[in-house]
Amino acid sequence: MGFAADQLQRLRPLWEQMLAHRFLIQTRDGTIAPATFATWMRQDYLFVEAAIPFLSAMLPRAPRAHWGPLTEVVAMLQKELVLFQERAAAVGVSLRDVEPAFVNHAYVQFLMATAYQASYAEVYTVLYAAEKCYHDSWTVVKQGLDTTSPWYPFVENWAGEGFAQYVAYLEAELDGLAALAGPAERARMATLFELTVKYEIAFWEMAATGEQWPALPASAAPAA
Amino acid sequence: MDMDATPRFTDQLYAAARPLWDAQLAHPFVRGIADGSLAPQTFANWVRQDYLYLKEFARVFAWAAAKATRLESMSWYAKLLDLTLNVEMGLHRSYAERFDVTPDELERERAWPTTRAYTDFLVRTAADGDLADLVAALLPCAWGYAYIAERMAAAGLPADARYAAWIAMYASPEFAAARDWLIEEMERLAAGTSAEKRARLTELFVLSSRYEWAFWEMCWRGERWPEPENAAG
């Protein structure tokens with residue numbers, strides 16, 4: 001069994017908790033409140049924007065064979081931004097002037113701090129874990145969401161065959177990197193894998209609750 | 001006030017962050033330190049999490065030394081790095097034992113979400129920003145702690161010697177000197193920069209100040225990462 005499969009097995013309870021998150025289930029069943037989905041859309045748009053510097057920060061240490069695939073991921077993220085813009089326009093949601101929620105900000109800082117400080121194999125672990133989370137999460141939504149839903153293009157994007165192949169490629173590459181890593185590095189990779197899954201769960205929770213930053217007293221709250 | 005004087009950039013930072021620092025001063029965790037009423041087991045949250053914070057804070061000084069162009073600044077950041085790693089963290093380990101937190105426990109401690117987010121933010125800013133960005137992000141820790149501790153000390157130290165020592169350390173002339181040097185460094189780095197750059201520096205400064213408040217809130221309420229529900233107990 002490869003490193004990725006080992007981690008997925010080790011984290012199975014957490015993974016199942018993520019896949020059973022009410023945000024996904026309500027989206028799948030078509031019962032999600034439009035405002036709740038809009039919260040996710042606005043926050044995830046920021047996250048996808050931030051993922052482009054993350055991918056770019058991986059490049060300097062990437063093996064030559066990964067340069068092409070990583071730059072393709074950057075191009076894919078650009079297309080995702082367009083997808084968000086189209087879906088938001090279709091339902092009258094503005095993507096402008098959005099402040100990142102605490103969890104969103106924290107997750108992005110985690111990505112960037114990891115990209116700058118961790119080994120390439122460790123950063124690659126984070127990339128794989130995040131993409132695998134998204135593929136599996138949207139596969140849950142695919143199992144019930146009406147194909148005429150305005151949100152269905154998100155399903156087509158992340159639960160489609162193309163994304164599945166991309167995630168499978170990442171998994172194979174991650175297993176290769178893990179095979180070359182020593183036990184200490186593999187242990188750090190496992191920790192980062194788990195932390196990524198926890199951030200993904202926290203992100204769904206933030207979308208479901210609309211939680212922003214820890215509530216400051218009104219006298220200290222930043223101007224809107 | 002001299003009406004012809006150019007306003008100092010750090011005065012603008014102070015004005016932007018002061019409501020957040022006053023909110024820290026009014027936070028029940030901070031008030032509990034000030035009057036000595038804070039439960040020691042609650043304060044131990046700060047002891048544990050701040051130890052992890054210090055490790056990453058030291059890393060930011062290393063980035064600062066690498067990015068500084070003035071020899072005096074390089075020397076100063078290197079000194080702070082040494083003091084943080086080789087003096088302050090040792091003092092923190094001794095201080096922790098007064099709250100029954102052993103050095104082994106400190107080393108085993110895992111960052112809670114707010115600690116992780118704040119330190120990742122600092123490290124990320126140190127890595128991909130310039131030195132002005134870095135100083136704007138790290139200054140609220142030194143300045144904000146001095147701000148609240150000096151006001152606590154002026155109001156009188158609590159009877160609990162452990163909290164009195166905490167206040168005395170952050171209200172000390174040595175700590176104030178470090179804060180003052182950083183403020184002047186911020187002035188030097190901001191001099192001649194564009195309005196857009198100053199807006200970015202202010203944004204970083206306010207963001208760190210928000211994280212400072214969130215850190216007290218985390219220590220007061222406790223925090224946890226998502227865990228499997230059947231294991232959450």
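A few points about this structure:
- Residues that are surrounded by 19 or more Cβ atoms within 10 Å (Cβ to Cβ) and among the charged types (D, E, K, R) were ranked within segment B:51-72; the one that is farthest from residue B:117 (Cα to Cα) is B:67.
- Residue check for residue B:154: farther than 30 Å from residue B:69 by Cβ, more than 14 Å from the chain's Cα centre (by Cα) and part of a helix (DSSP H, G or I): yes
- Residue among A:106, A:130, A:159 that alone is under 12 Å from the mean Cα position of the chain (by Cα), buried (at least 18 other Cβ atoms within 10 Å of the Cβ) and touching a residue at least 24 places away in the same chain (Cβ under 8 Å): A:130
- Filter result for the condition that a residue is modelled with pLDDT of 95 or more, more than 14 Å from chain A (Cβ to nearest Cβ) and crowded, with 22+ Cβ neighbours inside 10 Å, over B:143, B:76: B:143
- Residues in segment A:112-121 that are assigned to a helix (DSSP H, G or I), away from chain B (no Cβ under 14 Å) and surrounded by fewer than 22 Cβ atoms within 10 Å (Cβ to Cβ): A:120 alone.
- For segment B:94-134, the tally of residues that are part of a helix (DSSP H, G or I), free of Cβ contacts under 8 Å to residues at least 40 places away in the same chain and surrounded by fewer than 22 Cβ atoms within 10 Å (Cβ to Cβ) stands at 7.
- If the condition is being within 13 Å of chain B (Cβ to nearest Cβ), of a type outside the set (Val, Ile, Thr) and buried (at least 17 other Cβ atoms within 10 Å of the Cβ), then segment A:93-103 contributes A:100, A:101, A:102.
- Out of A:147, A:209, A:196, one residue alone is away from chain B (no Cβ under 14 Å) and among the polar types (S, T, N, Q). It is A:147.
Quick grid of which residues meet (1) of a type in the set (Lys, Arg); (2) within 14 Å of chain B (Cβ to nearest Cβ); (3) buried (at least 17 other Cβ atoms within 10 Å of the Cβ):
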position: A:23; (1), (2), (3): no, yes, yes
position: A:30; (1), (2), (3): no, no, no
position: A:38; (1), (2), (3): no, no, yes
position: A:45; (1), (2), (3): no, no, yes
position: A:57; (1), (2), (3): no, yes, yes
position: A:69; (1), (2), (3): no, no, no
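- Listed by first and then second residue, the pairs with beta-carbon distance under 6 Å, at least 6 apart or on different chains, first residue in segment A:81-103 and closer than 14 Å to residue A:47 by Cα, second among the aromatic types (Phe, Trp, Tyr) and surrounded by 18 or more Cβ atoms within 10 Å (Cβ to Cβ), are A:84/A:45; A:95/A:45; A:102/A:213; A:103/A:203.
- Within the option set A:19, A:14, A:46, being touching a Pro at 6+ places or on another chain (Cβ under 7 Å) and within 20 Å of residue A:136 (Cα to Cα) holds for one residue only, A:14.
- Evaluation of residue A:200 against (1) buried (at least 16 other Cβ atoms within 10 Å of the Cβ); (2) without any contact (Cβ under 8 Å) to a residue 24 or more places away in the chain (one fails), failing number: (2)
The values are calculated or read from the model by the stated rules, or taken from the named source; none is laboratory data. If you're wondering where the values come from, they're calculated on a predicted model, not measured in any experiment. Cβ atoms come from the backbone with ideal geometry, glycine included; neighbour counts cover every protein chain shown.
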